[in-house]
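Worksheet: the structure to be examined is printed underneath.
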Amino acid sequence: MIKKNKKNIMLSVLLLFALISGQTALGAKSPKVEGSSTPEVRKSRLNNPITPLSTNQSKLTTQNTSSTLQTQAVSNQTLGPNLVPNPSFQNTTTTGGPANWNKGGYGSNTRTFTYPVNGNTDTKAAQVTITNFVSGDAKWYFDDVAVSPGDNYQLSDYSLSNVPTVIDVRFKLSDGTFVYKDVAFINPSSTYQQNNVTFTVPANVVSLTVFHLIESNGSLSIDDFSLNKITTTSSDGNLVSNGNFETPGSNGLPQGWNKGGWGTNTRQFVYPGTSLGSGNSATINVTSFTTGDAKWWFDPVPVTQGIYTYSDTYKSNISSLITVQFINNDGTITYKDIASLPAASTPTTKNVDFSVSQAVKSVTVFHLIEGVGSLTIDNVSVVKKSGVSGVFSTGAVTLRFDDGWLSQFQNAIPKMQSAGVNGTFYIVSRQTADDGFPDFMSKSQIKQIYAMGNEIGAHTQTHPFLTQLSPADQQTEIQGSRNDLLALNVGPITSFAYPYGDYDSITIQIVKDAGFNNAVATLDGFVTPTSDRYQLEREGVTSNITFAQVKAWIDQAAANKTWLILAIHEVNNSGNQFSTTPAIFNQIVDYLVTKGVPVVTVSQGIQSLQ
């Protein structure tokens with residue numbers, strides 16, 4: 001999907017006027033400089049998605065879900081023995097209560113505990129009821145069981161309730177204190193429904209129990225608990241449970257799968273869907289559409305930092321989109337579109353990679369449609385890739401300099417030379433001191449920085465808004481700038497930067513045809529192994545960016561093993577919007593050297609990109 005960031009023309013005029021009045025010598029030509037991008041605002045792809053809940057997060061009612069959050073592919077695991085004592089409430093104490101189970105709650109409410117009540121498959125289960133609710137909760141919970149930090153566990157139970165409920169894990173630490181984590185939110189159900197969730201035991205934990213609780217007026221019955229350590233994964237590495245849709249679940253849904261969507265449209269979900277050659281599949285039909293989307297999605301699976309491949313076989317009479325939903329460690333949710341697919345009249349297999357950062361704990365993937373039409377999917381898998389190398393095995397940083405400002409030569413180059421680091425300088429080939437622009441480097445200075453080991457990239461001939469030009473004029477600006485720089489013997493010239501971050505699909509094709517093997521944009525973010533080499537992300541170092549912020553970006557790149565491109569314009573004390581001070585720049589370089597993060601040019605970093 002093409003990302004295009006345009007500045008308002010009036011803003012450009014004002015910015016140019018400010019540069020002329022504050023920087024440019026009388027009678028000198030007015031340069032064109034780059035603007036900043038606007039962060040993209042993402043809309044939720046789920047209708048009130050089921051997510052792990054933080055203590056201050058609103059617990060909203062969900063729609064169209066098979067049960068609850070399941071963060072591991074259950075059928076692809078080997079499970080250890082059930083750790084829950086008296087898991088089906090069959091054993092009774094001499095006082096008439098369920099053995100190894102406890103009553104609990106807090107706050108201002110009237111709690112009633114009933115045992116036995118009719119269960120999932122027999123006549124013994126446990127029920128809790130709240131009346132006169134003001135605050136707090138009520139729950140049954142089993143005796144603590146010993147666990148080990150870092151191990152993954154699968155929890156399962158059956159519940160029947162007339163109000164929303166929450167599954168919360170209470171971890172006991174080695175010092176005797178407790179920490180709590182909500183791991184799932186369960187919809188009401190008039191019949192017993194199975195709930196599955198997995199989690200990783202945090203550091204310093206010695207034991208745990210689980211609260212399946214209510215926190216409003218209503219009742220909850222629970223039965224058939226299991227807590228199993230996950231010991232192995234499937235031989236093929238697929239994290240998706242029931243990716244071939246062969247195992248039916250409850251409520252007419254495939255096991256481990258959910259149906260959902262948002263917006264104003266009429267959605268129909270068919271299971272088993274039209275066969276794509278063998279066995280079952282899942283189909284979506286949208287018969288009327290105004291806004292939103294519709295999709296099947298598998299229970300979220302836990303992931304670790306790295307690169308994963310999503311694959312499925314699909315058939316559709318409408319274009320479709322593949323979007324990853326990332327569930328982060330702090331409970332927030334983010335989304336990334338990873339593929340836009342055309343309609344396919346015959347079964348078609350699609351493989352696409354996506355990156356997972358250190359901040360992510362689990363993912364699911366939506367193969368969705370956003371209009372009237374039909375989509376059938378089958379053979380879904382998510383597999384972690386191995387053998388990541390280059391900048392993505394360590395993390396790396398690039399010092400990217402735009403426009404060829406003289407202050408870069410005067411205030412950045414000396415520090416870089418003394419520190420032994422190089423960068424990539426994007427030159428507007430006909431906006432040099434030799435062309436009447438005294439605030440920019442001369443051709444001689446451009447040659448000097450190239451001879452020092454820095455990379456020279458192209459930034460067009462005159463820094464125009466490219467999409468406002470005809471294709472022929474775009475080609476002149478793009479190809480012409482490369483030819484100009486090659487004539488200076490500062491090549492090969494393989495890297496390009498879009499002026500103002502302004503481009504479209506035509507521009508990208510012209511850049512490719514001109515002989516460039518990469519291009520940087522004004523998209524905020526970090527480059528990952530799945531980034532588009534012609535839309536490389538960056539973080540802009542402008543006058544309002546502190547060293548602390550840049551330090552945090554560098555630390556993040558090192559921790560997540562991503563590639564951080566720092567976009568720098570003027571390096572002086574002017575205070576212009578697109579400037580940073582020499583003092584901050586020196587701090588950045590010193591920190592890179594001290595921390596030992598690899599500093600690469602764009603052409604070096606691009607070699608690690610697929």
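Please work out the Cα center distance from the stretch 271-302 to the stretch 585-604, rounded to the nearest Å.
What the calculation gives is 47 Å, centre to centre.
Based on the mean of other beta carbon atoms within 10 Å per residue, what is the order of 217-225, 182-190, 247-255, most packed first? List each step's numbers first, then the result.
On the way: 217-225: 21.4, 182-190: 18.9, 247-255: 16.3.
Output ranking for 217-225, 182-190, 247-255: 217-225, 182-190, 247-255.
Stretch Asn351-Ser275 to full length: gain in nm at 0.36 nm per residue minus the Cα-Cα span? Write down the numbers at each step before the final one.
Working: separation 76, 0.36 × 76 = 27.36 nm, distance 1.99 nm.
Roughly 25.4 nm would be gained on extension.
Going by average Cβ density within 10 Å per residue, which order do the peptides 237-243, 174-180, 573-579 take, highest to lowest?
On the way: 237-243: 21.6, 174-180: 9.7, 573-579: 16.3.
Result, highest mean Cβ count within 10 Å first: 237-243, 573-579, 174-180.
Under 15 Å from a point placed 7 Å out from the Cα of Ser389 along the Cα-to-Cβ direction: which residues of the stretch 586-610 have their backbone N that close?
What the label zone holds, given the 15 Å backbone N cut-off, is 605-610.
Counting residues in the chain as N, plug N into 2.2 N^0.38 Å and put the Cα Rg over that result.
1.15
Find out how many positive minus negative residues lie around Thr112, taking Lys and Arg as positive, Asp and Glu as negative, among other residues whose Cβ is under 13 Å from that of Thr112. If you can, show how the numbers build up before the last one.
Values: positive: Lys103, Arg111, Lys139; negative: none.
Summing Lys/Arg as +1 and Asp/Glu as -1 gives +3.
Given a Förster distance of 56 angstrom, what is the FRET efficiency for Ser216 paired with Asp435, based on the Cβ-Cβ distance and rounded to 0.05?
That gives a FRET efficiency of 0.20.
Given only helices, namely DSSP H runs of n ≥ 4 each adding -39500 (n - 2.57), what is the per-residue ellipticity at 222 nm of the chain, to the nearest 500 deg cm²/dmol? Provide the component values of the computation, followed by the final result.
Numbers: 9 runs with 92 residues, N = 610.
Dividing the helical sum by the residues of the chain leaves -4500 deg cm²/dmol.
What Kirkwood Rh does the stretch 354-509 have if only Cα atoms enter the pairwise 1/r average? Answer in Å.
Details: mean 1/r = 0.0532 Å⁻¹.
Answer for the stretch 354-509: a Kirkwood hydrodynamic radius of 18.8 Å.
Send over the per residue convex hull volume for the stretch 161-239, Cα only, as a whole number of Å³.
Numbers: hull volume 9.9 nm³, N = 79.
For the stretch 161-239, the hull spanned by Cα atoms encloses 125 Å³ per residue.
Over the residues of the stretch 433-546, compute the C-alpha Rg and express it relative to 2.2 N^0.38 Å.
My calculation over the Cα atoms of the stretch 433-546 gives 1.10.
How high is the relative contact order of the stretch 78-232? Use alpha-carbon pairs under 8 Å, at least six apart in sequence, and give a whole percent.
On the way: 428 pairs, mean separation 51.5, N = 155.
Rounded, it is 33 percent for the stretch 78-232.
Give me the one-decimal nm value for the distance between modelled label points at Ser148 and Ala343, 7 Å along each residue's Cα-to-Cβ direction.
5.5 nm
Can you give the extra length, in nm with one decimal, that the chain gains between Ser470 and Thr92 once fully stretched, where that is 0.36 nm per residue apart less the Cα-Cα distance? Show your work: numbers first, answer last.
Working: separation 378, 0.36 × 378 = 136.08 nm, distance 8.21 nm.
Result: 127.9 nm gained on full extension.
Calculate how large, on average over all directions, the projected area of the Cα convex hull of the stretch 521-568 is; give the answer in nm² to one decimal.
Details: hull surface 13.0 nm².
The orientation-averaged projected area of the Cα hull of the stretch 521-568 comes to 3.3 nm².
At 7 Å along Cα-to-Cβ for each site, give me the label-to-label distance between Gln607 and Thr309 in nm.
2.5 nm
Cα-Cα over 25 Å: which of Lys259/Lys315; Lys385/Lys561; Lys181/Lys561; Lys295/Lys315; Lys139/Lys181?
Numbers: Lys259/Lys315 18 Å; Lys385/Lys561 15 Å; Lys181/Lys561 28 Å; Lys295/Lys315 14 Å; Lys139/Lys181 15 Å.
Over 25 Å Cα-Cα: Lys181/Lys561.
So the label point goes 7 Å from the Cα of Asn82 along Cα→C-beta, right? Which residues of the stretch 160-200 then have their backbone N under 16 Å from it?
193-197
Need the full-extension length gain, Val206 to Leu173, defined as separation in residues times 0.36 nm minus the C-alpha distance. One decimal, nm. Don't skip to the end; give the middle numbers.
Working: separation 33, 0.36 × 33 = 11.88 nm, distance 0.57 nm.
Separation in residues times 0.36 nm, less the Cα-Cα distance, equals 11.3 nm.
Using just the alpha carbons, could you tell me how many Å³ per residue the convex hull of the stretch 191-330 encloses?
Looking at the stretch 191-330, the number lands at 205 Å³ per residue.
Suppose R0 equals 45 Å; then what is the FRET efficiency for Thr546 and Thr110 from their Cβ-Cβ distance, rounded to the nearest 0.05? Please report the intermediate quantities before stating the final value.
Details: r = 54 Å, r/R0 = 1.19.
Between Thr546 and Thr110 the formula returns 0.25.
Ratio of the stretch 257-384's C-alpha Rg to 2.2 N^0.38 Å, to two decimals?
Here the answer is 1.03, to two decimals.
At a Förster distance of 60 Å, what's the computed FRET efficiency of Met452 paired with Asn118, Cβ-Cβ distance as r, to 0.05?
Values: r = 80 Å, r/R0 = 1.34.
Result of the calculation: an efficiency of 0.15.
Counting Lys and Arg as +1 and Asp and Glu as -1, what is the net charge of the other residues whose Cβ lies under 13 Å from the Cβ of Lys361? Can you show the working numbers first?
Working: positive: Lys181; negative: Asp330.
That sum, taken over residues with Cβ under 13 Å, equals 0.
If you split all Cα-Cα distances of the stretch 78-232 into 5 Å bins from zero, what percentages do you get per bin, shortest first?
2, 9, 19, 22, 21, 16, 8, 3, 0, 0
To make sure I understand, if each residue's beta carbon is the centre and we count other beta carbons within 10 Å, what order do Lys350, Lys385 fall in, fewest to most?
Values: Lys350 16, Lys385 12.
Ordered from fewest to most neighbouring Cβ atoms within 10 Å, Lys350, Lys385 come out as Lys385, Lys350.
Please give, to one decimal in nm, the separation of the simple spin-label points placed at Ile506 and Thr191, each 7 Å out from Cα toward the Cβ.
5.9 nm
Please list 302-308, 465-471, 122-128 highest first by mean number of surrounding beta-carbon atoms within 10 Å per residue. List each step's numbers first, then the result.
Numbers: 302-308: 17.9, 465-471: 15.0, 122-128: 19.4.
Result, highest mean first: 122-128, 302-308, 465-471.
A short reminder: the numbers here are calculations on the coordinates, not readings from a lab. All values derive from a computational prediction rather than experimental measurement. For neighbour counting, all protein chains shown are included, and Cβ atoms are generated from backbone atoms with ideal geometry for every residue, glycine included.
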